[in-house]
Amino acid sequence: METGYAMSHASKKDYRRRIYHRYRQASWAEQQGVLDEFCANCGYHRKYAIRLLNSVPS
């Protein structure tokens with residue numbers, strides 16, 4: 001989904017840190033919503049976003 005807005009790498013990293021715990025504590029259905037939001041905001045493909053959110057943010 002193209003939004004026309006490009007986040008900087010630092011912004012994406014910060015956003016991932018903030019959303020990580022919400023994603024990990026959510027039920028499967030809630031995780032889908034968080035994942036949709038994360039993909040829309042950062043412009044990542046779904047599979048890549050899942051990999052990012054399942055790994056510990058640095």
Paramagnetic label zone (point 7 Å from Cα along Cα-to-C-beta, K13; backbone N under 13 Å) in segment 36-58: 57-58
Calculated SAXS-style log₁₀ I(q)/I(0) at q = 0.28 Å⁻¹ - the chain, Debye, Cα scatterers: -1.30
Total formal charge among the other residues, if their Cβ is under 12 angstrom from that of A49, Lys/Arg +1 and Asp/Glu -1: +3
Relative packing of peptides 41-54, 8-21 - highest average C-beta neighbours within 10 Å first: 41-54, 8-21
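No lab work stands behind these numbers, since they all come straight from the coordinates. Nothing here was measured: the structure is a model prediction, and the numbers come from that model. Cβ: placed from backbone, ideal geometry, glycine included. Neighbour counts: every protein chain shown.
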